[in-house]
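A short worksheet on the structure shown next.
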Amino acid sequence: MKLSVIICCYNEVATIQDVIQKTQAVDLGPGWDREIIVVDNYSTDGTRDILQKIDHPEIQIIYHKRNMGKGMSIRTGITRMTGSYFFIQDADNEYDPFEQRKFTDLAAKTNAPAIFGSRVLGGEIKSKYKRTLMGNRFVTWLHNILFNDHLTDVATASKMVRADVAHSLNLTCTGFDLDFEMPDKIAMSGHKIIEIPINYDPRTYAEGKKIGLKDAIKAVQTMLRDRLGFSPALKAAEVAELQSGKVAG
Ligand SMILES: Nc1nc2c(ncn2[C@@H]2O[C@H](COP(=O)(O)OP(=O)(O)OP(=O)(O)O)[C@@H](O)[C@H]2O)c(=O)[nH]1
Ligand SMILES: [Mg+2]
């Protein structure tokens, strides 16, 4: 089996090198190969200077020509992956790369369609902000209600998905809303997501935290849209059909 680790980064000069080195140092277990796909989302803080010095056969680096949101970076990684699973590894050291081993062990045993790292099962999310904690609980509850699911932490960045499932999802989101579209569509396609406990070391806004209320509102919009089927992908499909000259009926 092969793990495609997707590392999305946007202005992570302080941590990117460390996260890549830690990822390379992970022993994924017997029978696992690895590729690392770094997607730089138009960083302007020196992250690119660090990336440009990296030359290693297991690492490929893609430079977006403009900032296109974290979700688009993940989608870029998915189109490039050659592994049997992808794993999303954030670049800001909030999630420890060494936990990847737990995921590969479980995937090897179960061939699960999707495995998410839950910060709740790992102990209560150590959020430095009460509103983030409440927001996480609310969006998880809403996902579970709308998609008849049983997750404890829908918004986790630590997501591992089997390649065939990933390619079948028809993802359309470009920002943090992809973190919801992905589990929504996995649940809708009848696959069960397994959660495992992970540790999480959140940063403060002063340290670079960027997520906020507008992301929570977008998450709610995304989940409602996914449930009701108003996906931009449908519109794109309609457009493609019109362009192909087919006439309905
Ligand atoms: N904010 C942001 N992050 C991006 C973007 N593209 C890639 N990323 C990376 O996505 C990962 C998660 O972004 P974060 O801003 O840390 O988002 P988060 O972890 O959900 O929230 P906080 O760390 O609490 O702000 C990091 O590794 C970022 O470098 C982007 O356009 N915006
Ligand atoms: Mg973060």
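Counting pairs of alpha carbon atoms under 8 Å apart in space and at least six apart in sequence, what relative contact order in percent does segment 90-200 give?
43
Under 5 Å between amide hydrogens, which residues at least 5 positions from VAL39 or on another chain qualify, with H placed 1.01 Å from N in the peptide plane?
The answer is ILE7, CYS8, CYS9, ILE62.
With the contact rule set at Cα under 8 Å and sequence spacing of 6 or more, what percent relative contact order holds for segment 2-243?
Contact order relative to length: 22 percent.
Quick check: pseudo-label points 7 Å beyond the Cα along Cα→Cβ at ILE54 and ARG131, how many nm apart are they?
Here the modelled spin labels are 3.3 nm apart.
Of ASP184, ASP49, how do they rank once you tally other Cβ atoms within 10 Å and put the fewest first?
Result, fewest neighbours first: ASP49, ASP184.
Over segment 1-48, what is the mean sequence separation of C-alpha contacts under 8 Å (at least six apart), divided by residue count, expressed as relative contact order in percent?
On the way: 55 pairs, mean separation 30.8, N = 48.
Contact order relative to length: 64 percent.
Whose amide H sits under 5 Å from the amide H of LYS2, counting only residues 5 or more places off or on another chain, with H placed in the peptide plane?
Placed amide hydrogens put ASP33, SER84, TYR85 under 5 Å from LYS2.
Spin-label point model (7 Å from Cα, Cβ direction): what's the SER84 to LYS192 distance in nm?
2.0
What residue among VAL26, VAL139, VAL39 has the largest mean-square fluctuation in a Gaussian network model of the chain, using Cα springs under 10 Å?
The residue that fluctuates most here is VAL26.
As an exercise, use a Förster radius of 45 Å and the Cβ-Cβ distance of GLN17 and TRP141 to find the FRET efficiency, rounded to the nearest 0.05.
Working: r = 38 Å, r/R0 = 0.84.
The formula returns an efficiency of 0.75 here.
Considering only segment 2-243, what is the antiparallel percent among its DSSP beta bridges, to the nearest 5?
Beta bridges within segment 2-243, antiparallel portion: roughly 20 percent.
Where does the chain land at 222 nm, in deg cm²/dmol rounded to the nearest 500, when only DSSP H runs of n ≥ 4 count, each adding -39500 (n - 2.57), divided by all residues? Present the calculation step by step, with values, prior to reporting the outcome.
On the way: 9 runs with 101 residues, N = 249.
Taken over the chain, the calculation gives -12500 deg cm²/dmol.
Expressed in nm to one decimal, what extension gain is obtained for the pair ASN148 and LYS218 from 0.36 nm per residue of sequence separation less their Cα-Cα distance?
Taking ASN148 through LYS218 to full extension adds about 23.2 nm, to one decimal.
Greater than 23 Å separation of Cα atoms is the criterion. Which listed pairs, LYS70/LYS210; LYS65/LYS214; LYS128/LYS192, meet it?
LYS65/LYS214; LYS128/LYS192
Just to confirm a number: summing +1 for Lys and Arg and -1 for Asp and Glu over residues other than TYR10 whose beta-carbon lies under 12 angstrom from that of TYR10, what do you get?
Every neighbour counted, the sum reads -1.
Throughout, read-outs are computed from the coordinates displayed, never taken from laboratory work. All of these numbers come straight from a predicted model, not from anything done at the bench. FYI the Cβ positions are ideal-geometry reconstructions off the backbone, even for glycines, and counts take in every protein chain you see.
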